[in-house]
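Following: one structure in structure tokens, then a few remarks.
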Amino acid sequence: MSNQELLEYIGLFREKAEQGKLVIFVGAGVSCNVEGMPDWNSLIQNMAKAIGYSKCTSCRYKNEACEKNCLLKDDYSADEFLKIPQYVFNT
């Protein structure tokens, strides 16, 4: 990559950041060694709670007493691990 191409990429990143449209994805383990940072699963759980995302409405095992003690409510599929952050972004 030439210096000119690098400068063009930096300009594009700056423009997207100023528009509020820059999202940086890094490897799943990047936060594991930083004290106080959640792992990916915890981050998704926090995002889901923040937007009121619940699997309980469609759970086939649901009963009136299970929601607080449900072992499945934070058991997200690979698809949900991608959709929940997008839902947060869209709100």
How many residues does region 47-91 hold that are over 29 Å from Q19 (Cβ atoms) and modelled with pLDDT of 85 or more? 3
Any pair with Cβ under 7 angstrom, 6 or more apart, that starts in region 1-28 at a residue that is open to solvent by 100 Å² or more (accessible area, probe 1.4 Å) and ends at one that is aliphatic (A, V, I, L, M): F13/L22
Name the pairs: first residue in region 61-82 and under 30 Å from V26 (Cβ atoms), second residue at pLDDT below 75 and surrounded by fewer than 10 Cβ atoms within 10 Å (Cβ to Cβ), Cβ to Cβ under 9 Å, at least 6 apart or on different chains? L72/Y61
Among (1) under 22 Å from K83 (Cα atoms); (2) open to solvent by 70 Å² or more (accessible area, probe 1.4 Å) - the single one S42 does not satisfy: (2)
Restricting region 1-45 to residues that are among the aromatic types (F, W, Y) and part of a helix (DSSP H, G or I), which is nearest to Y76 (Cα to Cα)? W40
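The values are calculated or read from the model by the stated rules, or taken from the named source; none is laboratory data. What you see is a predicted model, and the numbers here were worked out from it, not measured in a lab. Glycine gets a Cβ as well: all are built from the backbone with ideal geometry, and neighbour counts include every protein chain shown. Only protein heavy atoms, including side chains, enter the accessible area calculation; ligands, DNA and RNA are left aside. Shrake-Rupley method; radii C 1.70, N 1.55, O 1.52, S 1.80 Å.
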